[in-house]
Amino acid sequence: MAPVLELRGITKRFPGVLANDHVDFTLEEGEIHALLGENGAGKTTLMNILYGLYTPDEGEIYVRGKKAEIHSPADAIDMGIGMVHQHFMLVPVMTVTENIVLGAEPTRFGPFLNLREAAEHIRELSRTYGLEVDPDAYIRELPVGVQQRVEILKLLYRKADILILDEPTAVLTPQEVEELFEVIRSLVARGNSVIFITHKLKEVMTIADRVTVLRQGRVVGTTTPAETNEQELAAMMVGREVSLVVDKAPAQPGDVVLTVEDLHVLDDRGEPAVRGVSLEVRAGEILGIAGVQGNGQTELVEAITGLRPPLHGHIRIKGMETTWATPRRFFETGAAHVPEDRQRDGLVLSYPVRDNLVLNTYYKPPFAMGFLIKEKPIEENATRLVQEFDIRTPDIYTPVSNLSGGNQQKVIVAREFSRPIDLLVASQPTRGLDVGSIEYIHRRLVEKRDQGCAVLLVSSELDEIMALSDRIAVMYEGQIMAVLPAEATTREQLGLLMAGVRPETLSQPVETVEES
Amino acid sequence: MTPTTFDWTTFRHTHLRRERVLGVVYLLMGLLIWFLFFPSVEPGAQAKFGLNLVTAVKPPPLPDLVVPARGTILLVGLISAFIGGYQLARGFRDPQALMGVVLILFFVAFIVWATAGKSFNLTGMLASTLLRATPIAFGALSGIWCERTAVINIGIEGMMLSAAFTSVVVASAVHSLWWGLVAAMITGGILGFVLAVLAIRFRVDQIIAGTAINIFAVGLTSFLSSSWLSVRQDLNAAGNFKPIPIPVLAKIPIVGPIFFNVNIIIYLMIGLVILTHIVLFYTRWGLRMRAVGEHPKAADTLGINVYFMRYVSVTVGGVIAGLGGAYFTLGSVGRFDEAMTAGKGFIGLAAMIFGKWTPIGGFIASLIFGLADALQVKMAIMSVPIPSEFLLMAPYLVTIIVLSGVVGRAEPPAADGQPYVKE
């Protein structure tokens, strides 16, 4: 029998980049086929071609043995291809039903919507596939896990049977990931076929029937989880042997550098985001903050780094009160910040590398004399840092917007790490980076710790938290659920805490490290 | 974990302070009503309100409404003060909605005060309110069609002005008001399409594109009108649409003369309010419009053509603005004068925002602006001792208060003003 889907020799060029280079890919009926690759390997490009968002320069697509011309999402939908995008495509102010039927609305008396019939149909679908959701709820009131169910229902409503899931686990807790996997299994059990895009090796090993690895736009190989292991997949993905563990010596904690006391912070909408967080970070240790995105980590970091005034509580750096500090005062205490959104908060994209490297020191000697900027020291500084931190850029005058994500992050790391610092606040420092850059950043973080710097690491990647931290604080709904020693903590414990299960109710008692 | 010393319930209470403030405001409004209006009214003076409108269709006449001025002001102030007091002591479930009630009470007191010892034709003023609200409502509807698909149309004023001009010229030339109306719609439609091309195809800043249309329209119509229409007076004499009484309905007292004995353009406006409401909230097209305005990419991934939706909606918005332009000429005076739209297109945009981007809300907001306008004229005639400029200011003050978010915040469509770039 012909495969449900076959891509032959797909090639897509963007100016200066070969995003897909003669990619072959087949999807058999009822299988879960993982598409593994680093960011920028061409996974999303390939799927966007399949979904009609891009037109390939070369190559052919066959759906159920027949050659298919896909020029728009509408064509793809007609052929039974559906895609759950990494960033959800939902209208927050509309209901679940309205979002699901959009573009395929049931009508009566001509153009009039028949939403009641649609809601009934959606209820039926959600019962069949175990995707519990209230059709009349508004999207903005739903947690991300449920929003994802709505996205999947959107595909099922259109009777899509080739389902593309683009990095579907990025925003989920470990428990929600488990639930999602259950749903995926029930989908294939009912004859659907699934393409699962990811860069997480563990997920591939758990869920996939087959896996195809992409690297720099090319297919490196196709295999099955039974025939391979994580180490081998990582090597295929990166193109060389990579170490999946971070080497680090036991921490030697010194004096307390950062103290946060009963901190309360509001989010942009004026709702409480951080509710009574207290923590301490000592010199020479990494305190990791684990948690699903949107549980107040962003606001906590913004409050500490002076980007968001807290409502109540205290922040002290080396004993100095910095509760209402401006970002400049924060930096001048000898603290550094690697922000979550590097393009928004970390860099001025249109500025050259040279200027981005002095964004928080340009006003001080040796870069300035009074109110005058001195070009020469700035350029010397840039040349030195580009070399030292291995920033891949044509020259120091290139705008950082032209650099890859990994190199943009290196610019920030170079700027922050080259100053004498005692405290480092790093938020999602490796988000969206390739494995090579991740290794690099990880090594630098541990190095800073070993030099006696206090490091506060916020990350929604559990693996990263577990690999780097000496102690782990789990944040849930604006509160610290527990602070645990890293070596004695399991993924399962963290997962439960991240989902809001109180430490005292965990079957296996968790030792809570008291702050005071 | 250290126990928190911060009390969220106290914090919540400080947020509740706003509701206390509203209570105090309502209470003060009550006192204001007494102090402003009560002392200057003669004891025993009566306010006489006429309810009959002299028109061709005569509904059964109603007796005049006569109320004791002082008593009414006292009562109305008392109600407002009571609302404020109750809000302070116990609290209403939706204290903000009461703002409308209190404002109406204030308005009633004001009218009674102004009419004390005189007579005032209430139906006449309400009829004039609808007339003055009509171009504003067209502006609001035009704005809704554009902005619901996320294209800001600041050029409504210019579209109205251009349409007002062409409608008169065409109607005068071919001696047909209907062709004039068609010309107005085409003019508006073309300008709407131009805006769409600038905003969608060329991604010009939408505020600048709209402003360009306004400046272009003022310049061109003023030039043509002074250099050409002043010579060819025959092309600036179109006449106007006459009121069409609707059988039976026109005979209903008060409501009949106001709503059911007006000209075709006003009927069209009321029809468009209802039609837009139905289209926007009950049809496939409306659902897609709203999706395109809120999250164009989501709509795109579901196979909806974002650009097509925007082109069509903005062009329709232009056609509606064109109808609004025709109202100035064919719907009222029958001739074109320079800059005769006098900012009504902009006020229409304010009404759209006031009405939270909904057709019915926009219509009600237009009526409020129209009322203020009508009242101002009436008060000037009744020689009320308030400069009419202050009366004119009132609706704009209300708009500023609304837009600043004191009385509930109006949320525009999420993608409003942003061009959509397909990857």
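The values are calculated or read from the model by the stated rules, or taken from the named source; none is laboratory data. Being a predicted model, the structure only gives us computed values, none of them experimental. As a convention, Cβ positions derive from the backbone with ideal geometry for all residues, glycine included, and neighbour counts pool all protein chains shown. Heads up: the accessible areas ignore ligands, DNA and RNA and are worked out on the full protein's heavy atoms, side chains in. Shrake-Rupley method; radii C 1.70, N 1.55, O 1.52, S 1.80 Å.
Given A:GLU132, A:GLU117, A:GLU124, which one is more than 10 Å from chain B (Cβ to nearest Cβ), closer than 20 Å to A:GLU176 by Cβ and open to solvent by 50 Å² or more (accessible area, probe 1.4 Å)?
After ruling out the rest, the residue left standing is A:GLU132.
So, A:THR393, is that one touching a residue at least 12 places away in the same chain (Cβ under 8 Å), within 32 Å of the chain's Cα centre (by Cα) and under 17 Å from A:ILE421 (Cα atoms) or not?
Taking the combined requirement at face value, the residue does not satisfy it.
Identify all residues within region A:268-312 that are farther than 15 Å from A:ALA473 by Cβ, open to solvent by 10 Å² or more (accessible area, probe 1.4 Å) and within 14 Å of chain B (Cβ to nearest Cβ); write none if there are none.
Within region A:268-312, A:ASP268, A:ARG269, A:GLY270, A:GLU271, A:PRO272, A:ALA273, A:LEU311, A:HIS312 qualify.
Considering only residues that are facing chain B (nearest Cβ under 7 Å) and part of a helix (DSSP H, G or I), look in region A:71-93 and name the one that is farthest from A:PRO168 (Cα to Cα).
Per the stated criteria, the residue is A:ALA74.
For region A:461-492, how many residues meet the condition of being surrounded by fewer than 19 Cβ atoms within 10 Å (Cβ to Cβ) and in a loop (DSSP other than H, G, I, E, B)?
Counting residues in region A:461-492 that are surrounded by fewer than 19 Cβ atoms within 10 Å (Cβ to Cβ) and in a loop (DSSP other than H, G, I, E, B) gives 3.
Determine, yes or no, whether B:ILE353 is open to solvent by 10 Å² or more (accessible area, probe 1.4 Å), in a helix (DSSP H, G or I) and out of contact with any strand residue (DSSP E or B) (no Cβ under 9 Å at 6 or more places or on another chain).
Yes: the conditions hold for B:ILE353.
Scan region B:336-350 residue by residue and report those that are open to solvent by less than 10 Å² (accessible area, probe 1.4 Å) and assigned to a loop (DSSP other than H, G, I, E, B).
B:PHE336, B:THR341
When you scan region B:184-302 for helices (runs of 4 or more DSSP H) that lie fully inside it, which ones turn up with 2 or more residues that are under 30 Å from B:MET125 (Cα atoms) and not basic (Lys, Arg)?
Where helices (runs of 4 or more DSSP H) fall fully within region B:184-302 and carry at least 2 residues being under 30 Å from B:MET125 (Cα atoms) and not basic (Lys, Arg), they are B:255-259, B:264-282.
Somewhere in region A:48-70, is a residue closer than 22 Å to A:LYS154 by Cα, assigned to a strand (DSSP E or B) and more than 14 Å from chain B (Cβ to nearest Cβ)?
For region A:48-70, residues closer than 22 Å to A:LYS154 by Cα, assigned to a strand (DSSP E or B) and more than 14 Å from chain B (Cβ to nearest Cβ): present.
Within region A:33-47, which residues are part of a loop (DSSP other than H, G, I, E, B) and crowded, with 22+ Cβ neighbours inside 10 Å?
A:GLY37, A:GLU38, A:ALA41, A:GLY42 - these are the residues of region A:33-47 that are part of a loop (DSSP other than H, G, I, E, B) and crowded, with 22+ Cβ neighbours inside 10 Å.
Hey, could you check region A:351-387 for residues that are part of a helix (DSSP H, G or I) and in contact with a Leu (Cβ under 9 Å, 6 or more places away or on another chain) and say which is nearest to A:THR326 (Cα to Cα)?
Looking at residues that are part of a helix (DSSP H, G or I) and in contact with a Leu (Cβ under 9 Å, 6 or more places away or on another chain), I get A:ASN356.
Of B:VAL319, B:VAL314, B:VAL333, which residue is in contact with a Gly (Cβ under 9 Å, 6 or more places away or on another chain), touching a residue at least 12 places away in the same chain (Cβ under 8 Å) and open to solvent by 20 Å² or more (accessible area, probe 1.4 Å)?
That would be B:VAL319, the only listed residue that is in contact with a Gly (Cβ under 9 Å, 6 or more places away or on another chain), touching a residue at least 12 places away in the same chain (Cβ under 8 Å) and open to solvent by 20 Å² or more (accessible area, probe 1.4 Å).
Of the numbered conditions (1) touching a residue at least 12 places away in the same chain (Cβ under 8 Å); (2) within 31 Å of the chain's Cα centre (by Cα), A:HIS87 satisfies every one except a single condition; which is it?
Answer for A:HIS87: the failing condition is (1).
If A:GLY306 meets every condition in (1) in contact with a His (Cβ under 8 Å, 6 or more places away or on another chain); (2) part of a loop (DSSP other than H, G, I, E, B) apart from one, which number is that one?
(1)
How many residues are at the interface with chain A (Cβ under 7 Å from one of its Cβ atoms) and either of a type outside the set (A, V, I, L, M, F, W, C) or open to solvent by less than 10 Å² (accessible area, probe 1.4 Å) (or both) when one looks only at region B:277-287?
Looking only at that region, the number is 4.
Select from region B:348-374 the residues that are among the aliphatic types (A, V, I, L, M) and farther than 19 Å from B:PHE281 by Cβ and list them in ascending order.
Result: B:LEU349, B:ALA350, B:LEU367, B:ILE368, B:LEU371, B:ALA372, B:ALA374.
Checking A:THR95 against (1) at pLDDT below 95; (2) open to solvent by less than 50 Å² (accessible area, probe 1.4 Å), only one condition comes out false. Which one?
In the conditions (1) at pLDDT below 95; (2) open to solvent by less than 50 Å² (accessible area, probe 1.4 Å), A:THR95 misses (1) alone.
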